[in-house]
Structure formats: structure tokens, C-alpha cells
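The values are calculated or read from the model by the stated rules, or taken from the named source; none is laboratory data. Keep in mind the model is a prediction, meaning the values are calculated, not measured. Methodologically, a virtual Cβ is constructed for each residue, glycine included, from the backbone with ideal geometry; neighbour enumeration extends over all protein chains shown. For the accessible areas, the whole protein counts, side chains as well, though only heavy atoms, and no ligand, DNA or RNA atoms are used. Shrake-Rupley method; radii C 1.70, N 1.55, O 1.52, S 1.80 Å.
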Amino acid sequence: MKTKYFIYGFSLCSLLSLNLTSCDNEEFLDVIAYDVVDEAASYESKANAKRALNGVYDLVYPEDTYDGDWGFKPNLFTGCHPTIDTQATGWDADWNVQKWNSNSSELLAGWKHAYAAICRANDFLEKLKDYPEENIGGAESKKYLEGEGRALRGFFYHWLATTFGRVPMLATGENGANTPLKAKPETYAEMWDFIIEDFKAAADLLQWQPWDAEYGRCTKGMALAYLGDAYMWKAYRLSPEGSNGIQGVGEAPTTPEECYRLAADAFKQILDSKTYKLNESFTTLWDPASAWGPEAIWVEQLDEGTNWGKWDNLTSKLMLKWYTACPENGGWGSLYLSWEWYSCYEPGDKRRAGSCYTGAVPQIDPENPAYDPQYAGWLGKFEKAIYGVNPYLQEVLGKGQAATATKQFHFNNGEWAPAIWSSKMWRTASADYKSWGDGHWSPTPIYWKRLPNVMIDYAECCFRLGRAAEGWAQLDQLRNRAFGKLEDGNEQALTDKYLPYYNQYAGWCGREDGSNDNGGLFYLNRTEYPIPFGSDGAVVVPAEQYYTQYAAQKGFKSPVWKVAVNTERRKEFNCEWCLRPDMQKSGFMADHVATNYPKRNVTDLKDVPWTNRDYDYVDLKMDMPIPEDEITKNTLCEQNPAYVGDK
């Protein structure tokens, strides 16, 4: 049985004195300290050394005093919204039309958050050199401490590098106090070499299982997953399409092919280790019962049991339910999913039903006599569970009101937005009922790396290295799970594991009799999981066959394999922060936007599901602007080319 410790929340006093130019808000560097030790004491025991390292882990988690949105903002805005598959309203809508700029508050918050963690890691790693092994559990403990410290630093640099392109690289021992000014590396390759070295070292130092069985710690699998990812990014930056005219090959490997070969080797180690396996059901991945499930490689687990929080004590740290829920059910306008994304699925692919809820749109309701044949196949057996309702909470979208804005393709709340909401985050806590008093609780995992990330990345490497059969085999495995084939024969076991939470939820939120304002649906004593288990006899077309036809039908310019891996990413990773970075490193973003979101001149979207893209996509803008605050304070740091003169 897994030991589940949530290890965030500790800090080392010496780490609080950092004053990096990029994170010079002292309040931000203060953390909630359940255990605090002074610098000398951190050398005295293994437990204290681990607490010192937890000063770095603390910033993997949302941080209340400054940037409580980490894990949603800026991660979703930079990692998903530019693909247009996820959308927003209000000022957040700028992230769908490439209108972010150097004064975007989300970029500055993320920049400060990441560099605060990097400074802590640098300080920790510098002091670790002098930690007496005999005092902290021996040489093996010291290996874990260094490996986790370097993996964490690599994780935060990876986010910065995939978001901003070239960024200043502070090495071990460097922080704002002793290195107030630092230039960006001259080339992308130089920066990625630094990140690669961190993940290589971490992979060598760590084991497959977390140290002392404390789930939440970095492992060999996490380090290898990011190592392979980093090699792929270096390959992209060495290619003409990703270099942006900035030449330089850095240290070995020096060619894209060598990078892809090393990336494939890293991914193959993970696959061959058998440490991870796919969850049998995609639809359960964001359930509390899936915490640290078999495919989780690196995950920010926000579930803290059944503890409810108030506004002055945000137990779950992150306000996902408000950001992602339907506005008529108490949500805000930060996250919608596009109809283009919704329509990219084949009938029977349960990833759609496990990822979203739709408004009760008459044009896609097959029970409605006005049903439009052009939407045939969109609403199969499993999708009926998500039509006009959050099946996990049994909340009717729009509360069943006759004039609800959810009964049209676009939820018009002052601005047009698709009437589709993500169930990956608005699943286990109501944004409507008992939410503004004692009901603040949003248990959910934030997946940074899970096994499908590795499988699809490995598939891409195989295609690029001339090993197409291996690549198609990886996609076929994922598609087999997507259509419910791993659920077949396991329906009762899955029900026994995942259904009890939803029956218990009624008691936790006081809906024992079903008489509430959620549309009158009854919660208690369900006997079937909200989205029925099993494949319902669906036929899974082999990936190569399906995507050969799909790519031709849609008119993509990219090779079929590139269409396949990136369309599978769209289906698997919507709202998971990696979508835009993965499409970008694959060189697919421009083709995706042009083909899936053609420019339109739509003045009235009411009866048209599609997105009105009215801007010209610029690939160079995918290196997002360095925050103006940083440019002003760190005079050696230059702005990215697409944003020179940007205010």
C-alpha cells in the first residue's frame, strides 16, 4: 500500500532572506512554516535536511501569500489558451488572440514564482555540498537530497524555458543577493544544456520509487520524463523552424537526430521499467480515488482529505471550481473548451465525456426533432451523460432555467464563449451550492507528467527516427484505453473503487434528500458510475488508418504522423498545461491554428458552433514576453524579439 505524505509547506530560515531581482517581494518568499529550522540545525539530522529541501517543494504548491493561482494561472493561460482549444472571457480572452504582453500580470506572477523556487534550490544545493553525510542518513540520503533538488530546479527552469524561450540561468549558489544582474544565454542550446544536465544528474541519483515511500517527491521516472522532453526541445531549437534565427548548437548532442535518439532512450527506460501503467479508465483520472494512480509520474495533488476551507483558510489552495465552472452555476470566465476541440473526437472515444460537460444545445440533442444531421456522431451513449449536466455532481448546467444561456452553442455572458466546461477541474466541489461560506474545497490532481505524456513523446521520437511501427503502437495503446477497452470486464471493480466518493459527497455537502437548487437531481445511493464503464462495443480503428484519412480530410500540411501525435495530445491533454508546449516543440502550432481554426468573419455566433478567429497567428510570439518588471530591474536581460518596444 502506498504511503501518501503531502510534503509541501516547510521552509528553511536561510532561504527566506533571498532577494532575487526577479522575485524581490519579501512577502512572497515567506511561506507557511509548519516546521522551521535554522541553518545550523539543518545539518544535524536526516529529518531536518528533508525539511530544508521542502523549502523548494513548497513552491510546487500554490502559495497563499502571493500567487495562490500557481497550477492554474499562468500555467493554463500559457500552456493551453494559445492553442484556442481552451478559451476565456473578460481580460483573460487576450490569451486566445495573442494579445498577451510584457505587462501581463500572469506572466510576472509565474516568473517570480519560478525564480523564487530556483533561488531556494540554488541555496539548498550550495549548502548541501557541506552537509556531513553521517549526520543526514548517509551517502544514500545525500544522493536523494541532491537528486530531488536538481529535479525541482529543472522543473521550474523547464516551465520558464518553454514559456519565455531564453531566460537568465542562475546556477548553484547564485541568487538575487549575489547575482542581481544576469543576461540570458546567447543561444537556446546553451540554456537547454543546463536543464538537461540537471535532469540527467537527477535521473542518476534517484530511484523509481519515491524516497521513504513519500509520494509527492521527485523520482527517477519524473527526471527521465523531463529529460526526454528537454532533449526534444533542444532538437526543436536546433531546427530551422524553432531556432528563430538564433544559431548555436551548444554541447553534445549537437543535431536534432541525436537529441531525438537520446530522448527516445530516456522514454524507453520509463516504459521498460513497468513502474507505471495506464489507469483502466480515463474518466476517473481526476477523481479523489485516483490520487497517485498508476500512471501518475509527477503530479501536484491538491486533495487534503475531507477538510473544508473558508476564504481566510483556503484548505485546497486553488480556486479551480470557480475558474472552470459554468457561470450560471457560480463559475467565472477563465476556462471554456471549443467546439472545434469537441468535434475532433471519434464517436466512442470516452476522453471527451471524461473531459467536459456541454450546455443543453438543441442542435446537438438527438432527442430533439430539430436535431441537425451535421452534428451526427457528436452525442453518443457516453456523451449523453454530459449533455446539459455535470454528472459527477449531478448539477444541471444553468439550473434548468428556461432561458439559460447554456442552451446555445455560445454562452453569451457579455462575450461569446463556447458552452462547454472542463470536468477535469470542476468535478469534485460545487461552485454553486454551499460554496461561499464553509464549502471552499476543490480536491483535484494537477498532472504535470503522466504516462501518456511519455507514450506520445516516445511515439514522436520514433516517427522522427524512422521507427514508425513503434510510434503507431504507442498511439494504438492509448486509443484502446480511450474507447473503454481496458474497462471491459472490470466494470464492477472500477465501480467499487470510484463510486463511493460520489455517494459520500452528498453527506459532506448536506444534500441528503436531493431538495436543493441544482435542478432537483438526486445524489444518494447511486449504483452506477456517472459515466458508465465499458466500451459499449466500440470499434477502435488503428491509428495509422484513421489519421491517414483524417489528415487528408482536414487538409493539414504536416505529415500524417505529426497530425496523429498532436491530435492525440489535443484529445488527451486539454487543460493540462503541456498542450501548447508539446505542439510547439513538435512544430505543429501554425498548422493546427490555420487548419483547425480558419479565419472567419462571423458576426452572429448564436447558431454556429465554431470559433471566430480574426487575427493572424505569429509563431514568433510563442516565446512570450519577458515581464517588463524584469527588463527594468535586470538591465542585462533583453526582451524577446516579437515584443521589443512592447508596453
Could you please find all residues in the range 552-587 being closer than 19 Å to residue 236 by Cα, in a helix (DSSP H, G or I) and without any contact (Cβ under 8 Å) to a residue 60 or more places away in the chain? 560, 563, 566
Return the pair list, or none, for Cβ contacts closer than 9 Å from residues in the range 71-88 that are at positive phi to residues that are of a type in the set (Ser, Thr, Tyr) and at pLDDT below 95, at least 6 apart or on different chains. 71/61; 84/611
Mind telling me which of the residues 534, 587, 555, 519 ends up being open to solvent by 40 Å² or more (accessible area, probe 1.4 Å), modelled with pLDDT of 95 or more and on the phi > 0 side of the Ramachandran plot? 555
Please go through the range 254-304 and give me each residue that is part of a loop (DSSP other than H, G, I, E, B) and over 30 Å from residue 428 (Cα atoms), ordered by number. 254, 255, 274
In this structure, does residue 381 turn out to be closer than 22 Å to residue 90 by Cβ, in contact with a Gly (Cβ under 9 Å, 6 or more places away or on another chain) and basic (Lys, Arg)? no
Only one of 186, 190, 197 is assigned to a helix (DSSP H, G or I), modelled with pLDDT of 95 or more, more than 26 Å from residue 297 (Cβ to Cβ) and open to solvent by 20 Å² or more (accessible area, probe 1.4 Å); which? 190
Can you find even one residue in the range 559-580 that is modelled with pLDDT of 95 or more, small (Gly, Ala, Ser) and surrounded by fewer than 20 Cβ atoms within 10 Å (Cβ to Cβ)? no
Which members of the range 595-639 meet the condition of being among the acidic types (Asp, Glu), under 19 Å from residue 82 (Cα atoms) and touching a Ser or Thr at 6+ places or on another chain (Cβ under 9 Å)? 623
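It is to be established whether one or more residues within the range 599-621 are in a helix (DSSP H, G or I) and free of Cβ contacts under 8 Å to residues at least 24 places away in the same chain.
Checked the range 599-621: no residue is in a helix (DSSP H, G or I) and free of Cβ contacts under 8 Å to residues at least 24 places away in the same chain.
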Please go through (1) touching a Gly at 6+ places or on another chain (Cβ under 8 Å); (2) surrounded by fewer than 24 Cβ atoms within 10 Å (Cβ to Cβ); (3) among the hydrophobic types (A, V, I, L, M, F, W, C) for residue 119 and return the number of the only condition it doesn't satisfy. (2)
Of everything in the range 196-240, what is without any contact (Cβ under 8 Å) to a residue 60 or more places away in the chain, charged (D, E, K, R) and within 23 Å of residue 256 (Cα to Cα)? Give them in sequence order. 197, 198, 200, 234, 237
Out of the residues in the range 74-88 that are surrounded by fewer than 24 Cβ atoms within 10 Å (Cβ to Cβ) and in a helix (DSSP H, G or I), state the one that is modelled with the highest pLDDT. 79
Do you know which of the residues in the range 315-329 that are open to solvent by 20 Å² or more (accessible area, probe 1.4 Å) and part of a loop (DSSP other than H, G, I, E, B) is modelled with the highest pLDDT? 319
Of everything in the range 89-105, what is surrounded by fewer than 22 Cβ atoms within 10 Å (Cβ to Cβ), assigned to a helix (DSSP H, G or I) and either without any contact (Cβ under 8 Å) to a residue 24 or more places away in the chain or at negative phi (or both)? Give them in sequence order. 91, 92, 93, 94, 105
Restricting the search to the range 455-493, which residues are open to solvent by 10 Å² or more (accessible area, probe 1.4 Å), among the aliphatic types (A, V, I, L, M) and closer than 21 Å to residue 296 by Cβ? 486, 493
When you check residue 219 against the structure, is it modelled with pLDDT under 95, open to solvent by less than 30 Å² (accessible area, probe 1.4 Å), touching a Leu at 6+ places or on another chain (Cβ under 7 Å) and among the hydroxyl-bearing types (Ser, Thr, Tyr), yes or no? no
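Does residue 90 fit the bill of being of a type outside the set (S, T, N, Q), more than 24 Å from residue 643 (Cα to Cα) and over 16 Å from the mean Cα position of the chain (by Cα)?
Details: of a type outside the set (S, T, N, Q): yes; more than 24 Å from residue 643 (Cα to Cα): no; over 16 Å from the mean Cα position of the chain (by Cα): yes.
In short, no.
Within the group 138, 165, which residue is at positive phi, open to solvent by 10 Å² or more (accessible area, probe 1.4 Å) and either polar (S, T, N, Q) or out of contact with any strand residue (DSSP E or B) (no Cβ under 7 Å at 6 or more places or on another chain) (or both)? Step through it out loud before you land on a result.
Working: 165 fails: open to solvent by 10 Å² or more (accessible area, probe 1.4 Å).
Going through 138, 165 in turn, just one is at positive phi, open to solvent by 10 Å² or more (accessible area, probe 1.4 Å) and either polar (S, T, N, Q) or out of contact with any strand residue (DSSP E or B) (no Cβ under 7 Å at 6 or more places or on another chain) (or both): 138.
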